[in-house]
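Have a look at the structure below before the remarks.
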Amino acid sequence: MTQERIFDSLDPTPEEFREAGYRAVDMMAEHFAQIDEVPVLPDATPAAVEKVFEEPLPETGSDLMQVIDEWDERVYPYAAHEGSPRWYGYVMGSGTPVGALASALAASVNMNAGGWVGGPSATEIERQCITWLAEMIGYPTDCGGVLTSGGTMANHSALFAALQATNDFETQAAGLVGLGDTEGFTLYESAHEGHSSVERVAEMIGIGSSAIRSVPDDEHYRMDPDALVSMIESDIEAGYTPFAVVAQVGSINVSAIDPLEEIADICEDFDLWMHADGACGAVGAILPDKAHLYEGIDRADSVTLDPHKWLSTPYGCGCVLFKEPAVQARAFSMHASYLDVSEREEYQGTNFGFLGPEMSRPFRGLKLWMSIKDRGLEGYRKLLSQGCLCAEHLHDRVVEADDFEVLQDPNLFIYSFRYLPSDLQQGLDDPERHEAIDAYADWLNQRIADDLRFTGLAYITTTIVDGKTVIRFSICSHRTTPEDIDISFEAVRDHGERLDADERSSFDI
Ligand SMILES: Cc1ncc(COP(=O)(O)O)c(C=O)c1O
């Protein structure tokens, strides 16, 4: 047996790698060239896509070029295109080309950003990105922070630290069970616009989702500060231990921003942790005409913001900022002898593996760092204001149409509204028909979204606003223009008209 056969390598030769790499870059370039035209979603069922990828575990390897070509043959045809200008589902960032290159570069060196030693430049880039993000949103730049996989983990990190800080870090060793003298810990968020990730987090940190108090909102879907105070007071009286308030900074259904200064005052009065969930909208603070809405964000103890949403950084790239770096460090402190590095003092760097929930961590910072450097703050101001302008344009279309109902002001980039033929809108005034018309409207709006999805023209989703199923546009792609909005709006109307003509008679309205 020769040495060569014993010590095989995974690596292709440099020439083979170059050939495959150029091919992959060509595929990416083709994708970006056609992103405006490509169907937003493939019309394929999960079972059909499963079949495409069903094959035995390969016993032997294949030619690298053949493996790369699988992208064109099987992967790309069944891709969803969050990067399309007409993808409006959920809150999906569109991705930057420079971010795609950065992801490939980061993977090539494969630094583990859990520790400084395993990722010197990765760590310092992450630290720089955290400072830049803080500066962008007007948060103190001497804050702590960590890049996360996304907003859920950012919210988790924030509320995990909040709970520990509230208990003077006793929960770190004792867990919640050791803290006998309370009916339970409670946290507060907007009833209408609170995000589901906070429920998951409450379950993960052991307080349970029943710890969440849903605070009533005003007519603009913003948390009502007076209601917050009375809920906190009555919980204290009942023996609960309130510990945190989650303020929305660009909410999931209507882009609302809670009254941050008032919430900060209340948190100060009751000694509660203020967390600002700006996963979607915090970065909107860079827009001069919106800056006033963000006043008070600098007073939050922690802030979630997701570069992989409105900043279009490729997935996954969330971020949590902490006002007090020492609190973050204590909450995630950990020791293991096998992680000690016996180095000189001047070589002791930041270890992000001890500043958040993950130990091994990908080099998330590069795609964000390169994207920010590529565009600059001025570039991002322009891109974000385009999103807001598109939402305003959509609002104008809804306002001027008599077959649509307005539900909100255009705040940032998420905008919800309802399709309802004008005669049925008038019918809502009749108490005997009201409920049946609403039920029909729920069905109609859901079917519009479902049917539109199969055209490949645009992807929209529905949500519930004020108890009604409504159409929701999340205009998160930096590629969307008012023309895309017009095309998509007209498609919603066409589907609505067709469905109404075909199906209304089968409803008892
Ligand atoms: C307000 C808010 N918070 C948190 C999240 C969770 O973010 P992620 O999906 O990145 O975990 C979202 C997701 O849309 C969100 O809108």
Note to self: Need pairs with beta-carbon distance below 6 Å; first residue over 20 Å from M27 (Cα atoms) and within region 53-74, second modelled with pLDDT under 95 and not in a loop (DSSP other than H, G, I, E, B); sequence gap 6+ or separate chains.
What the structure shows: none
Check: Taking interchain pairs and intrachain pairs at least six residues apart, which have beta carbon atoms under 8 angstrom, with the first residue in region 230-252 and away from the ligand (no atom under 11 Å from the Cβ) and the second among the acidic types (D, E)?
Finding: A238/E183; G239/E183; Y240/E183; T241/E183; P242/D235; V245/E189
Notebook entry, point to check: Looking at (1) modelled with pLDDT of 95 or more; (2) in a helix (DSSP H, G or I), which is the one condition that is false for P58?
Noted result: (2)
Item checked: Any chance V40 is modelled with pLDDT of 95 or more and part of a loop (DSSP other than H, G, I, E, B) -> yes
Check: Given the residues E432, E503, E483, E497, which is the only one that is closer than 30 Å to P97 by Cβ and surrounded by fewer than 17 Cβ atoms within 10 Å (Cβ to Cβ)?
Finding: E483
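Results for (1) touching a residue at least 24 places away in the same chain (Cβ under 8 Å); (2) over 30 Å from D271 (Cβ atoms); (3) within 16 Å of the chain's Cα centre (by Cα), shown as yes or no for each residue.
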site: S302; (1), (2), (3): yes, no, no
site: P307; (1), (2), (3): yes, yes, yes
site: W310; (1), (2), (3): yes, yes, yes
site: T313; (1), (2), (3): yes, yes, yes
site: G316; (1), (2), (3): yes, yes, yes
site: F322; (1), (2), (3): yes, no, no
site: V327; (1), (2), (3): yes, no, no
site: A331; (1), (2), (3): yes, no, no
site: V341; (1), (2), (3): yes, yes, no
Margin query: Being at positive phi and either crowded, with 19+ Cβ neighbours inside 10 Å or within 16 Å of the ligand (Cβ to nearest atom) (or both) is the requirement here; does G151 meet it?
Written below: no
Check: Quick check, is A134 in contact with a Pro (Cβ under 9 Å, 6 or more places away or on another chain) and surrounded by 15 or more Cβ atoms within 10 Å (Cβ to Cβ)?
Finding: yes
Notebook entry, point to check: Which of (1) within 23 Å of the chain's Cα centre (by Cα); (2) in contact (Cβ under 8 Å) with a residue 12 or more places away in the chain does G379 not meet, given it meets every other one?
Noted result: (2)
Next item on the list: Starting from region 496-509, keep only residues that are in a loop (DSSP other than H, G, I, E, B), then list their pairs with residues that are charged (D, E, K, R) whose Cβ atoms are within a distance under 7 Å, requiring at least 6 positions of separation or different chains.
Entry: I509/R433
Next item on the list: Please give the strands (runs of 3 or more DSSP E) falling wholly within region 138-240 in which 3 or more residues are under 28 Å from G93 (Cα atoms).
Entry: 144-148, 185-190
Checklist line | When residues of region 272-299 are limited to those that are in a loop (DSSP other than H, G, I, E, B) and touching a strand residue (DSSP E or B) at 6+ places or on another chain (Cβ under 9 Å), the one farthest from A104 (Cα to Cα) | finding: L272
Next item on the list: Within region 300-352, work out how many residues are outside any loop (DSSP other than H, G, I, E, B) and away from the ligand (no atom under 16 Å from the Cβ).
Entry: 15
Next item on the list: Report yes if some residue within region 265-273 is away from the ligand (no atom under 16 Å from the Cβ), closer than 18 Å to M136 by Cβ and surrounded by fewer than 24 Cβ atoms within 10 Å (Cβ to Cβ); otherwise report no.
Entry: no
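The values are calculated or read from the model by the stated rules, or taken from the named source; none is laboratory data. All values reported here derive from a predicted model rather than from experimental measurement. Cβ atoms come from the backbone with ideal geometry, glycine included; neighbour counts cover every protein chain shown.
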